[in-house]
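Enquirer: If you scroll down you'll find the structure; I have some questions about it.
The values are calculated or read from the model by the stated rules, or taken from the named source; none is laboratory data. Just so we're clear, the structure is a prediction, and the values are computed from it rather than from any experiment. Because the Cβ atoms are built from the backbone with ideal geometry, glycine has one as well, and the counts that use them run over all protein chains shown. Protein only, heavy atoms only, side chains kept; ligands, DNA and RNA dropped before computing areas. Shrake-Rupley method; radii C 1.70, N 1.55, O 1.52, S 1.80 Å.
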Amino acid sequence: MTAGTVTLASIERELEDIERDAVVRAAEAADAAALEAVRVGVLGKKGSLTKVLRGLAGLDGGERPQAGQVANRVKKAVDEALAVRREAIGTARLAARLGGPQVDVTLPASGQPTGHVHPLSVVMDELCGIFLSLGFSIAEGPEVEDDFHNFEALNIPADHPARDMQDTFFIEGGRLLRTHTSPVQVRTMKGTEPPLMIVAPGAVYRHDDDVTHSPMFHQIEGLMVGRGVTFRNLKAVLTEFLARIFGPDLAVKFRPSYFPFTEPSAEVDIGCVMCRGTGSGDAGADAGRCKVCKGTGWLEILGCGMVHPKVFADVGYDPEVYTGFAFGIGVERIAMLKLRIDDIRLFYGHDMRFLAQF
Ligand code: PHE
């Protein structure tokens, strides 16, 4: 349109066209972006209404106010149509969001899995706890030992056949991995005056590997020394200990045995916890014999005895004044019976499905 053809009537018509068109397009805008495009197309710097407003300059002075009024009314109408549609789009968007999948903010978070104590440690802590409650305290010693503490001081001289009882891992420099926790007896007595009551839990090492033996396993050593300590005290402590683990009705048997560092020595058997001492297993399996006790009805659980006078003499205790007892418990053996596990290697694998059960 050129200035020459501009008349009040043509401008009013044009404004009304713009209004009609803008109101329809605003109402049809699908989303906020489409609506904004409508606004820019009409009211923006290069918008259709803006252009007409500029053209008002070409009108007669008398006609201008009237055209201005129409233009203002059109602008207001377009603004209003845009506002109405804007609100409708906002409401629809909110409704869509609320109608979609709901998030229940009150649900607990999924949480991180937490670690837990290894089943062997649980059993070890329980066993030590029983001895602590009986008045024993905890002692410790090194896992890398020397020949003196592991053998010599325990009355096992070089070439003694008892060395064959424990297949040893030797390290250079004449040292070795302790084959039992008994060296802690020697170390404790050397540093302490009697009376004493200690238990020494820890790892020990032997060249051994099958379903019931591992090259590394754990023992709890016990030692009580004083005036007038007797085998009856030994029996009382161990019987009480076993009853607390396996229940008061447990059958317990002290069977004569041999260890170079105790005299007399015994091994303790308990009534098999799997077959309840009957010796019989599932019919068909193992010819109906219990696999755990091999049909004997008994399980060997620990070694013990009265401390040998020679051991006392070596650590500087007077064997005429003091007596004492010692014992060594296989922790894995007890853990397997308590937790009903038939393969010792499960303890040292890292299968979380196994470990997480306890
Ligand atoms: N040290 C022995 C072993 O490992 C067990 C034991 C400890 C025996 C204390 C008697 C006294 O076989």
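Enquirer: Taking the Cβ of F151 as the center, what net charge do the other residues with Cβ under 11 Å away carry, scoring Lys and Arg +1 and Asp and Glu -1?
Expert: Counting the neighbours of F151, the net charge comes to -3.
Enquirer: May I ask you to list the aspartates and glutamates whose Cα is less than 12 Å away from that of K338, ignoring any residue fewer than eight positions away on the same chain?
Expert: E126
Enquirer: In segment 130-182, if the dipole is taken from +1 on Lys/Arg beta carbons and -1 on Asp/Glu beta carbons about the Cα centre, which of A158, I171, F136 is farthest to the positive end?
Expert: Most positive-ward Cα: F136.
Enquirer: Grab the beta carbon distance between D31 and D104, set R0 = 30 Å, and tell me the FRET efficiency rounded to 0.05.
Expert: After rounding to 0.05, the efficiency reads 0.55.
Enquirer: Using a 1.4 angstrom probe with every protein chain in place, what is the largest-first accessible-area order of F170, F148, F136?
Expert: Result of the area sort, largest leading: F170, F148, F136.
Enquirer: Now a separate question. Compare A313, A30, A243 in a GNM of the chain, Cα atoms joined below 10 Å, and give the one with the largest fluctuation.
Expert: Between A313, A30, A243, it is A30 that shows the largest mean-square fluctuation.
Enquirer: Over what distance in Å are the Cα centres of segment 77-97 and segment 188-248 separated?
Expert: For segment 77-97 versus segment 188-248, the Cα centre distance is 82 Å.
Enquirer: Work out how much length R97 to D208 would gain on full extension: take 0.36 nm times their residue separation and subtract the Cα-Cα distance, in nm to one decimal.
Expert: Net length gain for the segment: 33.3 nm.
Enquirer: Roughly to the nearest percent, how much of the accessible area of the chain is carbon and sulfur, given a 1.4 Å probe?
Expert: Carbon plus sulfur share of accessible area: 55 percent.
Enquirer: Considering only DSSP beta bridges where both residues belong to the chain, give the percentage that are antiparallel (nearest 5).
Expert: 95 percent
Enquirer: Can I ask one more? Can you pull the accessible area of E19 for me, 1.4 Å probe, Å² to the nearest 10?
Expert: Ignoring ligands and nucleic acids, E19 comes out at about 40 Å².
Enquirer: OK, next. Under a 1.4 Å probe, what is the accessible area of segment 8-98 per residue, stated in Å²?
Expert: Per-residue accessible area for segment 8-98 comes out at 63 Å².
Enquirer: Pull up the cross-link candidates among the lysines for K75, meaning alpha carbon to alpha carbon under 18 Å and not fewer than 8 places away within one chain.
Expert: K45, K46, K51
Enquirer: Considering the chain, which cysteines have no disulfide-compatible partner, defined as another cysteine with its Cβ under 4.7 Å away?
Expert: C128, C304
Enquirer: Using a cut-off of under 16 Å, list every residue of segment 15-57 whose amide N is near the label point 7 Å from the Cα of R86 along the Cα-to-beta-carbon line.
Expert: 23, 26-45
Enquirer: Leaving ligands, DNA and RNA out of it, work out the accessible area of D210 with a 1.4 Å probe and give it in Å² to the nearest 10.
Expert: In the full protein context, D210 sits at about 60 Å².
Enquirer: Of the options I89, T50, A71, report the single residue whose Cα projects farthest towards the positive end of the charge dipole of segment 8-98 (beta-carbon charges: Lys, Arg +1; Asp, Glu -1).
Expert: I89
Enquirer: How many nm separate the modelled label positions at K294 and F254, each set 7 Å beyond the Cα in the direction of the Cβ?
Expert: 2.6 nm
Enquirer: What residue among G222, T212, W298 has its Cα farthest toward the positive end of the dipole of segment 191-299, where the charges are +1 on Lys, Arg and -1 on Asp, Glu, each on the Cβ?
Expert: It is W298, whose Cα lies furthest towards the positive end.
Enquirer: Express in nm, to one decimal, how much length is gained between T239 and F170 on full extension, taking 0.36 nm for each residue of separation and deducting their alpha carbon distance.
Expert: Length gained, T239 through F170: 21.3 nm.
Enquirer: Here is a further query. Ignoring ligands and nucleic acids, what accessible area does C304 show with a 1.4 Å probe (Å², nearest 10)?
Expert: 0 Å²
Enquirer: Continuing with the same structure: Would you give the gap between the C-alpha center of segment 122-147 and the C-alpha center of segment 255-315, rounded to a whole Å?
Expert: First find each Cα centre; the distance between them is then 21 Å.
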